Ligand code: E4P
């Protein structure tokens, strides 16, 4: 996938070509260029780089193609005094209603982020709706309605939904209405296969949380990059999508170290937290392409067609994915509740949010 982002290193590269080649010869010149290019810019030659944060200043600094948020990232941003005016604006806009304030807050942050990216922002639907197809779709439409009301086109928003069976059904419906979805909390091949069949715009297969789970199981401090189960999972999913010509974009997410990111160079998109963007920008050296449609097609695999029963069975067989999906929903929900508390504390007259069930 081409990367249209401006690349300052490219300009320096051109100058090096002009002045050093006659003096040093091509091999020395190539070595110099490789030392000058940051790993971040080298990575951008192969994958679209996305910022994984609610910190608007970080988005402005890193100038990524897209940006992704989630309830935990939004909580961190909303607690930051730099962004308090946005929180207050959302509360005022919602007229004291907490659920509306939560939506308004996500949209306020999303719209602000969009001022600094040429592409899209991902905004997550309430985790409490993870097992409710109808509820998820309605909430997604509401979020898009809010964005459109303030002049943001739906093309610039990805609604993030958990990759449960119900979430994937909701995404299928929403995509048919022109609402684009980013399927999150994706830890398994079964989830990826079902998302592709549902025709979703983008999936976010996680790396770091898979790595965390295996480290804990094996009681080890680290897993070498060549055996990293998170990297293996994204590679398998990417290859499957490219082998079968699915249009759904693959965006590797949830990274713990830069080696995991570099091992997936070539993935359609990679969403990266600011601390890792910083490390990539500080590092110098070549970034070889690891994933490509050509490599994917070299070892064909069979197409999977999953109905609800086979999806649930296959997913349940995967202990890691089952644990991580449940835990991920609980964690996002816990952080959303903390955010609600913050909203209530800033608007004491607001009524409590009705709980499901
Ligand atoms: C992005 O879309 C994900 O929500 C994010 O990468 C999760 O990262 P974490 O595992 O570091 O929380």
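We did not get these values from a lab; they are worked out from the coordinates using the rules stated. The structure displayed is predicted, hence computed values, not measured ones. A quick note on method: Cβ atoms are made from the backbone with ideal geometry, for glycine too, and the neighbour counts reach across all protein chains shown.
Before moving on, here are some points about what is shown:
- A Förster distance of 41 Å, applied to the separation of the beta-carbon atoms of residue 226 and residue 76, puts the FRET efficiency at 0.80.
- Each helix, a run of at least 4 DSSP H residues, gives -39500 (n - 2.57); summed and divided by the residues of the chain, these come to -17000 deg cm²/dmol at 222 nm.
- Size descriptors for the stretch 46-346, from the alpha-carbon set: Rg then Dmax equal 18.5, 57 Å.
- For the residues 108, 304, 249, a GNM of the chain with alpha-carbon springs under 10 Å puts the largest fluctuation on 304.
- Rounded to the nearest 5, the antiparallel percentage of DSSP beta bridges internal to the chain is 5%.
- Note on residue 89 and residue 142: the model spin-label points, each 7 Å out from Cα along the C-beta direction, lie 2.1 nm apart.
- Residues of the stretch 74-112 falling in the label zone of residue 131, defined by backbone nitrogen less than 15 Å from a point 7 Å along Cα to beta-carbon, are absent.
- Applying 0.36 nm per residue to the separation of residue 313 and residue 149 and subtracting their alpha-carbon distance, the gain on full extension is 54.9 nm.
- Simple spin-label estimate for residue 281 and residue 217 gives 3.7 nm between the two label positions (7 Å along the Cα-to-Cβ direction from each Cα).
- Candidates 150, 261, 329: whichever shows maximal mean-square fluctuation once the chain is modelled as a Gaussian network with Cα springs under 10 Å: 150
- According to the Kirkwood relation over distinct C-alpha pairs, the hydrodynamic radius of the stretch 188-333 is 16.1 Å.
- Choice from 293, 64, 229 with maximal GNM fluctuation in the chain (Cα, 10 Å cutoff): 293
- Separation of the residue 298 and residue 338 label points, Cα + 7 Å toward Cβ, nm: 4.4
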